[in-house]
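The values are calculated or read from the model by the stated rules, or taken from the named source; none is laboratory data. Since the model is a prediction, treat every value here as computed from it, not as a measurement. Here Cβ is always computed from backbone atoms with ideal geometry, including for glycine, and neighbour counts include all displayed protein chains. The accessibility values were calculated without ligands, DNA or RNA, using every heavy atom of the protein model including side chains. Shrake-Rupley method; radii C 1.70, N 1.55, O 1.52, S 1.80 Å.
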Amino acid sequence: MLDLTPFPEPTRISVNGVELEVFEAGQENTGHPIVLCHGWPEHAYSWRHQMPALAAAGYHVIVPNQRGYGNSSRPTDVAAYDIAQLTGDLVALLDHFGYADATFVGHDWGANVVWGLAQLHPARVRQLIALSLPHQDRGDVPWLEMIETLMGPDHYMVHFNRHPGVADAVLDENRLRFLRNLYRKDVAPQVPEPGMMMINLAQAETAAGVPLLRDEELSVFDAAFAASGFNGSINWYRNLDRNWHLLADADPIIPHRALMIYGERDIVPKSPTLKDSVPNVEVVSLESGHWVQQEQPQETTRVILDWLGRTPPR
């Protein structure tokens, strides 16, 4: 049975020049912070199944809608969404609560931010958990150029950058259909199509697989993007090459204790070299697609709690 605990009411917290909409559980567990970072195009609500269990295990659970999402600030400058700003928000969030460090958990783009946080602000990360997206080695070629070479000029990440505003408008216009088509489970493993996958999903009548979300759950995401639009969140992608430059001087080795949770049916590939850059990582795979913590909520929570239990809150 899925946890049907009502999602907590948010507070708005001023950090790093923006306001973040932040949801909390276990506030009484002072000194034991765990920060959950959502991906794209998601919302803090994607962690609804994990929050009560983590609070019951003794953690102060802090779940922001990151900049560009929900009722958090949506700066107009594209560069306001680079890795320095996104990780700076998390550092400032720790400062707000008076924490020197925390356990960080990230899914999809949230995982990318948490990996970047461990590189840019290593002292603020106690340990980390990533879902879906392994650490991306920086390599010799900027990321957008690499993606365009491998996947072609119509790949959605390339399209987001080369045609600013186009995808944003299409997704805004077809918001509910896009979200319903995107949030699917029981999809056979496949190589991502090289074309404009996100625009295609927004315009298609239906998509493969089984709907992941009940209507009342989907309505939370729909209402959030009705308020925010997609521009701010897509701007995260428009900083791929800027992030590549910003990480030039960061240590490529992440020494922190880490847990990597893959979905066996995820289109995001596993990294065969993850242990080279994250030597203290433990790897777990679940029978899931991309939306790991929502597709397999109980199993994801169990894996996280088991791993955390080997280093209890201090």
Query raised in the report: How big is the C-alpha Rg of segment 32-187 next to the rule-of-thumb value 2.2 N^0.38 Å, as a ratio?
Result: 1.11
Query - Cut-off under 5 Å, modelled amide H: who pairs with L286 long-range - result: Y262, G263, E264
**Report entry** Contact order normalised by residue count of segment 225-314, Cα under 8 Å, 6+ apart, percent
**Finding:** 23
**Report entry** In Å², nearest 10: area of R138 left accessible to a 1.4 Å probe
**Finding:** 70
Query raised in the report: Taking a temperature of 10 °C and a viscosity of 1.306 mPa s, what whole-number D in µm²/s does Stokes-Einstein yield for segment 226-314 with Rh from Kirkwood over alpha carbon pairs?
Result: 100
Query - For the chain, the longest site-free run once GluC sites (Glu not before Pro) in DSSP loop states with at most 15 other Cβ atoms within 10 Å are removed - result: 29-204
Query raised in the report: Hey, any idea what Rg/Rh is for the chain, computing Rh the Kirkwood way over Cα pairs?
Result: 0.93
Report task. With θ set to phi - 60°, apply the Karplus curve 6.51 cos²θ - 1.76 cosθ + 1.60 along segment 255-265 and write out the HN-Hα couplings as whole Hz, x wherever there is a Gly or Pro. Result -> x, 5, 5, 9, 10, 10, 10, 9, x, 4, 9
Query - Relative contact order of segment 140-284, defined on C-alpha pairs under 8 angstrom at six or more residues apart (%) - result: 26
Query raised in the report: Using the Cβ atoms and a cut-off under 11 Å, what net charge is assigned to the surroundings of V220, where Lys and Arg are +1 and Asp and Glu are -1?
Result: -3
Report summary line: A correct Karplus calculation of ³J(HN,Hα) over segment 10-15, with 6.51 cos²θ - 1.76 cosθ + 1.60, θ = phi - 60°, whole Hz and x for Gly and Pro, returns x, 10, 9, 10, 7, 9
Query - Surface/4 of the Cα convex hull for segment 59-132, nm² - result: 5.0
Query - Rounded to the nearest 20 debye, dipole of segment 1-148 from Cβ charges on Lys, Arg, Asp, Glu - result: 280
Report summary line: Taking the square root of 5λ for each eigenvalue of the C-alpha gyration tensor of segment 131-259, the equivalent ellipsoid has semi-axes, largest first and in whole angstrom, of 28, 18, 16
Query raised in the report: Is it possible to state the helix-based mean residue ellipticity at 222 nm for the chain, with each DSSP H run of 4+ residues giving -39500 (n - 2.57), the sum divided by total residues, to the nearest 500 deg cm²/dmol? What is it?
Result: -10500 deg cm²/dmol
